[in-house]
Each structure stands twice: as C-alpha cells, then as structure tokens.
1. Are any residues in the range 143-159 out of contact with any helix residue (DSSP H, G or I) (no Cβ under 7 Å at 6 or more places or on another chain) and loosely packed, with under 15 Cβ neighbours inside 10 Å, and if so, which ones?
2. Output the qualifying pairs, or none if there are none: Cβ atoms under 8 angstrom, residues six or more apart or on different chains, first residue in the range 243-265 and charged (D, E, K, R), second residue surrounded by 20 or more Cβ atoms within 10 Å (Cβ to Cβ) and modelled with pLDDT of 90 or more.
3. Here is a check on your reading of the model: is Val156 over 25 Å from Thr236 (Cβ atoms) and in contact with a Leu (Cβ under 9 Å, 6 or more places away or on another chain)?
4. Give just the number: which of (1) surrounded by 18 or more Cβ atoms within 10 Å (Cβ to Cβ); (2) closer than 18 Å to Leu154 by Cα does Asn268 not satisfy?
5. Within the range 253-289, can you find the residues that are more than 22 Å from Arg137 (Cβ to Cβ), assigned to a helix (DSSP H, G or I) and of a type in the set (Gly, Ala, Ser)?
6. Exactly one of these conditions fails for Asp138: (1) surrounded by fewer than 15 Cβ atoms within 10 Å (Cβ to Cβ); (2) at pLDDT 95 or above; (3) part of a loop (DSSP other than H, G, I, E, B). Give me its number.
7. Looking at Gly10, Gly14, can you tell me which residue is modelled with pLDDT under 90, at positive phi and not β-branched (Val, Ile, Thr)?
8. For the range 172-187, state whether one or more residues are assigned to a strand (DSSP E or B), modelled with pLDDT of 95 or more and surrounded by 22 or more Cβ atoms within 10 Å (Cβ to Cβ).
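The values are calculated or read from the model by the stated rules, or taken from the named source; none is laboratory data. Keep in mind that what you see is a predicted model, and the values were worked out from it rather than measured. Note: ideal-geometry Cβ built from the backbone for every residue, glycine included; neighbour counts use all protein chains shown.
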Amino acid sequence: MSRKRVQSNGDINGVKGAPTAIEARFADARARLGPHRQQLIRNILGNCEETCFLSSRELAKRYNVDAATVVRTVQAMGYEGFADFSVDLRQHFMSRMTPYTALEAATREKRSVADHIDHSLDKSLDNLNTLRANLDRDRVVDLARRIHRSRRILVVGADFAAALAHYLAYGLAVLGYDAEAPVASEGALLHKVKLLTSKDLLIAISFGRCLRTTVESVLRAGKRGIITFGITDSDTTPIARHSDAHLVAAVVGPSFLNSYVAPIGLINAIHVACAHSDPKRSLSLLKPTYRDDLAGSRWYREAKESANS
C-alpha cells in the first residue's frame, strides 16, 4: 500500500527524513480524523521526547481530554490499541532525535541512576517481547534458505551496527558459509559490492533514518542484480524500502543509545534457522572442532602450581 509523504515533526537541522511508521499512518488517516483529533496527534508527535513515555491516561491528562478519546483516536489511525501506537511513537522519537537530545530528555525525568538502569532494562525487555510476538518466522526461514544458496554473504553495518554485522557474519562463518562483515568505510564497501555477483547476498543492518553508506550499499547491490536483505527497526526505514526483503527488530531505548537486545535476538534466530535448515551439514562442519571445544588449547588454563611451592 502506498504511503503519502508527510512533513516530519522531528526534522533535525532542516533535514527531512522519510516518514516514520506513525507519520505514514497519520497521513493515511487524516480523512477519518476530525480537526481536534488531528491536533491531538500533532501535539503528541511534536512533543514525542516527553509523550512517548506516557500512558493513555497520562496523555489524556496532559491534553485535557479523556482517555477514551486518546484510544479511539489511535484506533482511527489503524492501530489495534494504544500499546501498538506507543511502540511506533517510541520508534518515531528514537529515529528523529540525536543522542544529545535523547539524553537531555531522559535527564528531565525525576529518576535516580538506579531507576534509569531499571528503565533501560525494561525497554530492552519490551523490545525483545515485541520481537517474539511479531517476528515473521517464515521470513527468517526464507532468509536462511537464501543464505544456504548464496555463494558469498556480505553483511554491512556501520558505527554501532558494525558489531551486529560482525556477530552475524561470524556465526555464519562458523556454520561454513562464506560470510564477511567488512570495514564499513565508503571506499571499502564500494569495492566489496563490486565483487558481488547474482549468486551472492548482501545483508544490510541500520536503524531509524539509516546511515548513508549502508543504504547506498543496498542501492548499488540492487542495481547489479544482487539480492539484498535488511535488518532494521521499522517497515518505513530506507533499509526496509530499498531492500528486497527485511526483518524488523525494535531498538527503542530511553537514553542516548539504541538498545540492540532485540537485533541480537533476531540474529540468534537467523543463526538457529541456518543451522537447522540443514542439520546434517551443520553437524558435519562442527564435528572437527568438537574435541577442541571440549579440551583444546584455545581455552585458558591456570598454570599448575610448582612442586616446590
């Protein structure tokens, strides 16, 4: 379904990004929303650094309406309930805020350091539970089959996502796939993508507005007829829109960093799917390392005490 482009309430320094999921829904639902409900949504989006952490009752109190009005408004936007709306609102907040403004918003809350730690853990757990509830298992299985058919897998992730790319590629390499997560500099990625063929696969990992080098790698690969797959946090991100297929894992965090608990969980699921799509192959590849894993020299051992001690 096509989405109308809307002006973001969270444009940063005059730079307009792609509409977030909640902005796209708002654009589609305007004909169903009266002027008062439209203004309510504009107010919520315009102050998302504060409103994304509020319940429906707290939002109603803030904007002098009853809680039922808030719930009916988000349902008119196509959400099943307020909880689904809240997830998209938090993703909107994280995709439009800089680390500075995110931390600044968090410091306004009257919390102790221990409370901030607990809040962070709660949000990570929320993200993981959302992944568990909404993950398209068939798409994970399809990706595992695509990986199995590919001659080579290039995993692209920059900045903090570089750690995710390395983790995904390393796990695939352990299972015997020719997978690599190269240094995500513009020049290195340009040359790596040039080496790919139609028998290969590019997996791109980026979230929110998405990093330019990662998106451009997807675009270059697509022009060369290479299958691309995205791991991102919304169906409306540039990675989702430009990849042949994608999976979503929320990275909502209450402070200045994204939470990568859910993406790690998703990558673990991909590793498991790859291993169990062809268990005989996986076992045959892992068997030579069996003895090393039990008692090999790769593991640290305390030196034996001297007989004279």
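1. Arg149, Arg151, Asp159
2. Asp244/Thr228; Asp244/Phe229
3. Considered against the rule, which asks whether it is over 25 Å from Thr236 (Cβ atoms) and in contact with a Leu (Cβ under 9 Å, 6 or more places away or on another chain), Val156 comes out as no.
4. (1)
5. Answer for the range 253-289, where residues must be more than 22 Å from Arg137 (Cβ to Cβ), assigned to a helix (DSSP H, G or I) and of a type in the set (Gly, Ala, Ser): just Ser284.
6. All conditions are met except number (3).
7. None of the other options fit; the residue is Gly14.
8. So in the range 172-187, the residues assigned to a strand (DSSP E or B) come out as 179-180.
The next check asks that each one be modelled with pLDDT of 95 or more; those that pass are 179-180.
Now narrow it down to the ones that are surrounded by 22 or more Cβ atoms within 10 Å (Cβ to Cβ): 179.
Scanning the range 172-187 turns up at least one residue that is assigned to a strand (DSSP E or B), modelled with pLDDT of 95 or more and surrounded by 22 or more Cβ atoms within 10 Å (Cβ to Cβ).
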